[in-house]
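The values are calculated or read from the model by the stated rules, or taken from the named source; none is laboratory data. Here the structure is a predicted model, which is why all the values come from computation and not from measurement. Here the Cβ positions follow ideal geometry from the backbone for every residue, glycine too, while neighbour counts run over all protein chains shown. Ligands, DNA and RNA are stripped out before the accessible areas are found, and what is left, the full protein with its side chains, is counted by its heavy atoms. Shrake-Rupley method; radii C 1.70, N 1.55, O 1.52, S 1.80 Å.
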Amino acid sequence: MDATVILPILKKKLAFLSGGKDRRSGLILTIPLCLEQTNMDELSVTLDYLLSIPSEKCKARGFTVIVDGRKSQWNVVKTVVLMLQNVVPAEVSLVCVVKPDEFWDKKVTHFCFWKEKDRLGFEVILVSANKLTRYIEPCQLTEDFGGSLTYDHMDWLNKRLAFEKFTKESTSLLDELALINSGNDKGNQQEKDRSIDLNFLPSVDPETVLQTGHELLSELQQRRFNGSDGGVSWSPMDDELLAQPQVMKLLDSLREQYTRYQEVCRQRSKRSQLEEIQQKVMQVVNWLEGPGTEQLRTQWGIGDSIRASQALQQKHEEIESQHSEWFAVYVELNQQIAALLNAGDEEDLVELKALQQQLSDVCYRQASQLEFRQNLLQAALDFHGVAQELSQQLDGLLGMLCVDVAPADGTSIQQTLKLLEEKLKSVDLGLQGLREKGQSLLDQISNQASWAYGKDVTTENKENVDHIQGVMEDMQLRKQRCEDMVDVRRLKMLQMVQLFKCEEDAAQAVEWLSELLDALLKTHTRLGDDAQETKILLEKHRKFVDVAQSTYDYGRQLLQATVVLCQSLRCTSRSSGDTLPKLNRVWKQFTITSEERVTRLEMAVAFHSNAEKVLQECPDQPESINDQEQFDEIEAVGKSLLDRLTVPVVYPDGTEQYFGTPSDMASTAEHIREKIKLVCLKKQQLRQPEVCTTES
């Protein structure tokens, strides 16, 4: 009988085994009666269950039954005592009826249990609770009877339920594991195949049952001692002592069968895993060698433009995406096979290695083909990209060459020429890069036949090769045409640079000549303090004029060169109607100014020479003294020179210019006047001796 069936009855605590023992080591069975009417059927069921727990050896020592009638009526107590005769007559050795104080005295006389000992089969005594220790040690009595024995009915009931549950589950699990293990031990292949149908899982988890058993055993073993704080130690209940070896035996059997079951599961799992791996390997191999290979067979073109190559590349990426799913399965299978190889049996090693080798060969071959195709398409995309970029460069260069050159100055021409050279250099580099990309692509195409799977790809390869070579030849021709046009444009632009340079230099010559004229008017003002200095100034002036003459001649030559270049370029020079008249006008002004400067210097030389001559003559020379005309001539030259200093230089266009500033001219004129005064004074000095001689 299971406790779960009569659990509501057991919870009522109609009877219990507290674990206490009498002096004969017999178990004490306690029947606590209450004020309410006790159901004898339920009590009988409870007693049957309790008496089924102890071992036969324990039952042989007999039971001491304590009937607690302190809260019950006499007729109920009598009924219980008589019922013990029918339930446990052979096992009961003593029945102690605990009576209430001074309550049953009169009624006891009507029924003396001791007189019925022979008929009942056991001794019945009436005793008060405080005198119960005469028959049973206090340490074996519960606290209800003044003893020190601790008893928790619900704790006992929970442990009993756990024990019975574990016993039932473990027994059932042992049968199931034995059936599974015995089915796997059959050596007949037919029976082994048939045992696959019996490959069921246990109804309960063995790990859970084992854990429950260990926890139950631990609970049973912990109730060895009580009263560690100084209380009285006591032995565990007999049913607990009996349950421990049963639990331990069940645990040992469970561990043994579970170990065998784990090995069976491992073998089955390994076999199932091996079969599953075989199936998956064949799926991968069949797809890669079937649809996967067929997809690659249809892809041989490289496209004739960037867009076409990109479309082919996108299509290839879709193919790679489909392959990647199978490659992921390959990686997983390879890991599973490696794990089985590390822990597999000798009989499986050959088969596993063959599967692994077959799978690896197919996957690596297909992956190599995909990579080759991807590299080929990338090389084609790079080639078409370089070709498109080069074509754009050639178009840009041709656009520059088709536009007529109309620069504003030589600097812009130089910049345009530099840009043209840079574009031509960029085209050269682009063409060189195109040749390298094209040759690399041709090399890859030449190796494409190795992936043909027996298919003749000569036609496809020839189309690809012809396309690549055609693109390179077309670019070479376009580049050659542009180079020829660049040579013509370069020559024209260099002539234009030279033209602008001549025009700039001619304008510079005019500017230099103007500066020389300005310097002549503003700084060449001195006439010298004496004849020697004036001669030096005259010599310097002639050299100054030579420089101006060279500048004028240089400007004329440049202007003549511009005329020649304009005729060659078939254009009109900007300097032909502007620079040449300006050069001639400045040169004319310079010539007039220079001639005036020479005239003044020559007059100054004559004046200073004659003045110095008369001023240095001695009075003893009579021929000089009588030469009055010489003094008059010196005065006339000096006055003429003074008059010329006040006269401006008049140019053909009617404009006038003065030498130097008025202060410069005043200083020069003052010096000349001083010298004229000296000459006059000398003249007077020479005339006085003549007067004296006449008078005498």
(message) Residues that are surrounded by 15 or more Cβ atoms within 10 Å (Cβ to Cβ) and closer than 18 Å to residue 645 by Cα: does region 539-546 have at least one?
(response) yes
(request) Tell me, please, whether a residue that is in contact with a Lys or Arg (Cβ under 9 Å, 6 or more places away or on another chain), surrounded by 12 or more Cβ atoms within 10 Å (Cβ to Cβ) and without any contact (Cβ under 8 Å) to a residue 60 or more places away in the chain can be found in region 333-349. (result) yes
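Within region 549-557, identify whether any single residue is in the same structural domain as residue 673 (by the TED database), open to solvent by 40 Å² or more (accessible area, probe 1.4 Å) and touching a residue at least 40 places away in the same chain (Cβ under 8 Å), and answer yes or no.
Residues of region 549-557 in the same structural domain as residue 673 (by the TED database): 549-557.
Subset that is open to solvent by 40 Å² or more (accessible area, probe 1.4 Å): 549-550, 553-554, 556-557.
Now narrow it down to the ones that are touching a residue at least 40 places away in the same chain (Cβ under 8 Å): 554.
Yes, region 549-557 has at least one match.
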(request) Check whether at least one residue in region 517-527 is out of contact with any helix residue (DSSP H, G or I) (no Cβ under 9 Å at 6 or more places or on another chain), among the acidic types (Asp, Glu) and surrounded by fewer than 16 Cβ atoms within 10 Å (Cβ to Cβ), and report yes or no. (result) yes
(message) Which of the numbered conditions does residue 586 fail, given that it passes all the others? Conditions: (1) modelled with pLDDT of 85 or more; (2) open to solvent by 30 Å² or more (accessible area, probe 1.4 Å).
(response) (2)
(request) Any chance you could count how many residues in region 122-168 are exposed (fewer than 15 other Cβ atoms within 10 Å of the Cβ) and among the small types (Gly, Ala, Ser)? (result) 2
(message) Contact list please: Cβ distance under 7 Å, first residue in region 420-432 and touching a residue at least 24 places away in the same chain (Cβ under 8 Å) and over 16 Å from residue 387 (Cα atoms), second residue part of a helix (DSSP H, G or I) and open to solvent by less than 70 Å² (accessible area, probe 1.4 Å), pairs at least six apart or on different chains.
(response) 420/400; 420/486; 420/489
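Restricting the search to region 294-353, which residues are assigned to a helix (DSSP H, G or I) and of a type in the set (Phe, Trp, Tyr)?
Residues satisfying the conditions are 326, 327, 330.
For region 560-572, state whether one or more residues are at positive phi and surrounded by fewer than 18 Cβ atoms within 10 Å (Cβ to Cβ). Don't jump to the end; show me each part of the working.
Filtering region 560-572 down to residues at positive phi leaves 570.
Checking the rest, the ones that are also surrounded by fewer than 18 Cβ atoms within 10 Å (Cβ to Cβ) come to 570.
The answer is yes, given that some residue of region 560-572 is at positive phi and surrounded by fewer than 18 Cβ atoms within 10 Å (Cβ to Cβ).
Given the structure, is residue 496 surrounded by 19 or more Cβ atoms within 10 Å (Cβ to Cβ) and either among the aromatic types (Phe, Trp, Tyr) or under 60 Å from the mean Cα position of the chain (by Cα) (or both)? Break it down stepwise before answering.
Details: surrounded by 19 or more Cβ atoms within 10 Å (Cβ to Cβ): yes; either among the aromatic types (Phe, Trp, Tyr) or under 60 Å from the mean Cα position of the chain (by Cα) (or both): yes.
Judged against the criteria, residue 496 is a match.
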(request) Report, by residue number, each residue of region 470-493 that is open to solvent by 40 Å² or more (accessible area, probe 1.4 Å) and modelled with pLDDT under 80. (result) 490, 492
(message) So residue 352 passes all but one of these: (1) modelled with pLDDT under 85; (2) open to solvent by 70 Å² or more (accessible area, probe 1.4 Å). Which condition number does it fail?
(response) (2)
(request) Just give me the residues in region 355-373 being open to solvent by less than 60 Å² (accessible area, probe 1.4 Å) and either without any contact (Cβ under 8 Å) to a residue 60 or more places away in the chain or under 19 Å from residue 329 (Cα atoms) (or both), in sequence order. (result) 355, 356, 359, 360, 362, 363, 366, 367, 368, 369, 370
(request) Only residues in region 520-544 that are aromatic (Phe, Trp, Tyr) count as the first member; pair them with residues that are open to solvent by 20 Å² or more (accessible area, probe 1.4 Å), Cβ under 9 angstrom, at least 6 apart or cross-chain, and list the lot. (result) 544/516; 544/519; 544/524
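Results for (1) at pLDDT 80 or above; (2) more than 13 Å from residue 19 (Cα to Cα); (3) open to solvent by 70 Å² or more (accessible area, probe 1.4 Å); (4) part of a helix (DSSP H, G or I), shown as yes or no for each residue.
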{"site": "217", "(1), (2), (3), (4)": "no, yes, no, yes"}
{"site": "242", "(1), (2), (3), (4)": "no, no, no, yes"}
{"site": "250", "(1), (2), (3), (4)": "yes, yes, no, yes"}
{"site": "255", "(1), (2), (3), (4)": "yes, yes, yes, yes"}
{"site": "260", "(1), (2), (3), (4)": "yes, yes, yes, yes"}
